[in-house]
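The values are calculated or read from the model by the stated rules, or taken from the named source; none is laboratory data. Every value quoted in this text rests on a predicted model; they were computed, and no experiment measured them. Cβ sites come from the backbone with ideal geometry, for glycine too, and all protein chains shown count toward neighbours. What goes into the accessible areas is simple: the full protein's heavy atoms, side chains included, and nothing from ligands, DNA or RNA. Shrake-Rupley method; radii C 1.70, N 1.55, O 1.52, S 1.80 Å.
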Amino acid sequence: MNDGLVLIPTYNERENAELIIRKVFSLPKEFDVLIIDDGSPDGTAAIVRSLMAEFPGRLFLEEREGKLGLGTAYIHGFRWALQRGYQYVFEMDADFSHNPDDLVKLYNACAHQGYDLAIGSRYIQGVNVVNWPMDRVLMSYFASAYVRFITGMPIMDSTAGFKCYTARVLRTIPLDRIRFVGYAFQIEMKWLAYKYGFRIQEVPIIFTDRTRGSSKMSKGIVQEAFLGVIKMKVSSWFRRFEQVAPSSPAPVVSATPAPETR
């Protein structure tokens, strides 16, 4: 078993599933992969199952009945990873909007630079987004600005979904109390890591919009995130966050990219 597990939730990703799995397994740093499929009617899970014999002990599949939401898929994956002793747990989309090569940079930030949470950030060095329409870029960029304003959390890309957590973070955050299931889940997890005092690093990446399959973004997801940030902030006034003991002398939040080493 490797020390790093990449979680990839899927729903109707038959066009991307095999490609993303093979790409992750081609990296110079070895990672295991867990696909969490929400009953994709297009046969995504069958494709993954067909590859498991080729990658024994490295490729795993958890099938859930119905489309239960991004947040619950990741929480399912977090628990699965902790039960099996993984030290570094990654979130990544299946559609290549997150470049698998950047997994190595996120791993290095946590495993070698001493950070507890590494975020693949689109906005830490300008705006690094490819193939998105301008209205989508502006919505995403100003959503992160809105989160910073409401919460005071100094993270440039608070909605980012490309991350590496140490097991220590996932053991500390009460996963059964996570309330959001859409993209607000990404904000809530960063917020809790920040409130518990974990060391966070934003690593610059280039985000490229999918070229195969269809986006899962909806108006309801956006509304959940917009209103959820306010609820999250208010509820934190009535909740105690016991600061974790420092694991390294790194700053709480850093805008300096971790160097890539192999």
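Across segment 126-147, the number of residues qualifying as in contact with an Asp or Glu (Cβ under 7 Å, 6 or more places away or on another chain) and buried (at least 20 other Cβ atoms within 10 Å of the Cβ) comes to 1. Against the numbered list (1) open to solvent by 10 Å² or more (accessible area, probe 1.4 Å); (2) modelled with pLDDT of 90 or more; (3) β-branched (Val, Ile, Thr); (4) part of a loop (DSSP other than H, G, I, E, B), residue 150 comes up short only at (4).
Scanning segment 110-166 for residues that are of a type in the set (Lys, Arg) and in contact with a Leu (Cβ under 8 Å, 6 or more places away or on another chain) yields one hit, 163.
In the condition set (1) open to solvent by 10 Å² or more (accessible area, probe 1.4 Å); (2) among the hydroxyl-bearing types (Ser, Thr, Tyr); (3) in a strand (DSSP E or B), residue 165 is compliant with all but (1).
When residue 123 is tested against (1) open to solvent by less than 40 Å² (accessible area, probe 1.4 Å); (2) touching a residue at least 60 places away in the same chain (Cβ under 8 Å); (3) assigned to a loop (DSSP other than H, G, I, E, B); (4) more than 15 Å from residue 6 (Cα to Cα), just one condition goes unmet, and that condition is (2). The residues of segment 153-162 that are under 13 Å from residue 119 (Cα atoms), open to solvent by less than 10 Å² (accessible area, probe 1.4 Å) and among the aliphatic types (A, V, I, L, M), listed by number, are 155, 160. The set of residues in segment 174-192 that are within 16 Å of residue 81 (Cβ to Cβ) and crowded, with 22+ Cβ neighbours inside 10 Å contains only 189.
Scanning segment 61-73 for residues that are within 17 Å of residue 162 (Cβ to Cβ) and either among the hydroxyl-bearing types (Ser, Thr, Tyr) or at pLDDT 95 or above (or both) turns up at least one hit. Evaluate the following for residue 115: is it at negative phi and free of Cβ contacts under 8 Å to residues at least 60 places away in the same chain? Answer is no for this residue.
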